[in-house]
Amino acid sequence: MARIAGWIDLGLLWLTRALAALGAACVAGMATLVVSAVVMRYAVGAPFAQTEEVAGLMMVSAVFLGMPYVLATHGHIRVGLVYDHTSGWLRRLMWVLGQGVFLAFALIFLRDALADLRLTRMLNLRSEVGRVQLAPFVALMVAGVALAALVAAWQALRPPPAPKDLTDAPEPIADTPAEGPRR
């Protein structure tokens with residue numbers, strides 16, 4: 001059973017990593033688009049009309065493509081004041097409750113986002129200036145949060161990670177004098 005769980009962990013990690021790479025490509029595309037818009041505006045005098053809209057849509061895409069990976073790798077912001085100093089059944093309870101809070105958020109978000117997606121498709125909504133179809137971007141939001149919810153639900157079934165696995169903070173340097181620099 002542990003072997004199957006390990007394969008599921010690995011599969012989720014690779015899937016979320018691939019989506020995060022697409023999110024990083026969105027960020028790179030957004031930066032390229034903004035730089036080219038600035039060059040066009042100030043060097044040529046003819047700015048692109050839809051740059052801000054497309055850049056905004058790419059930013060939203062990057063966030064929702066990266067969210068599942070951040071959750072899968074425990075790279076999100078967390079408050080561990082109590083969690084880090086617990087162990088055993090209390091740590092497990094806190095871990096499951098934390099995952100439950102995210103799942104509650106995801107379910108509410110998905111309910112509303114699915115309604116938005118249906119409306120966007122029904123009305124064939126497009127952006128104002130560039131006339132870019134919005135349905136693929138709304139569908140991407142739904143898919144990103146759904147995958148993040150799947151990751152959170154799976155992690156709730158798994159043992160909670162050790163506090164050292166969750167922190168990225170460097171160790172303090174022990175050889176520095178407490179009084180500050182010498183003259």
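Some notes on this structure:
- Set LEU107, LEU166, LEU157, LEU119: member being at pLDDT 95 or above and closer than 24 Å to PRO68 by Cα: LEU107
- Taking every residue in the stretch 104-125 that is in contact (Cβ under 8 Å) with a residue 40 or more places away in the chain and pairing it with any residue that is assigned to a helix (DSSP H, G or I), at least 6 positions away or on another chain, the pairs with Cβ-Cβ distances below 6 Å are ALA106/VAL145; ALA106/ALA149.
- Test result for LEU107, of a type outside the set (Gly, Ala, Ser), within 22 Å of the chain's Cα centre (by Cα) and closer than 26 Å to ALA49 by Cα: no
- ALA24 falls short on exactly one of the conditions (1) within 28 Å of TRP154 (Cβ to Cβ); (2) within 17 Å of the chain's Cα centre (by Cα); (3) surrounded by 16 or more Cβ atoms within 10 Å (Cβ to Cβ), and that condition is (3).
- Test for VAL35: is it part of a helix (DSSP H, G or I), out of contact with any strand residue (DSSP E or B) (no Cβ under 8 Å at 6 or more places or on another chain) and over 17 Å from ALA152 (Cβ atoms): yes
- Considering residues of the stretch 31-59 that are closer than 14 Å to PHE137 by Cβ and crowded, with 16+ Cβ neighbours inside 10 Å only, the residue farthest from the chain's Cα centre (by Cα): GLN50
- The single residue among TRP89, TRP14, TRP95 that is assigned to a helix (DSSP H, G or I) and crowded, with 16+ Cβ neighbours inside 10 Å turns out to be TRP95.
The values are calculated or read from the model by the stated rules, or taken from the named source; none is laboratory data. Here the structure is a predicted model, which is why all the values come from computation and not from measurement. When we count neighbours, we look across all protein chains shown, and the Cβ atoms used for this are built from the backbone with ideal geometry, even at glycine.
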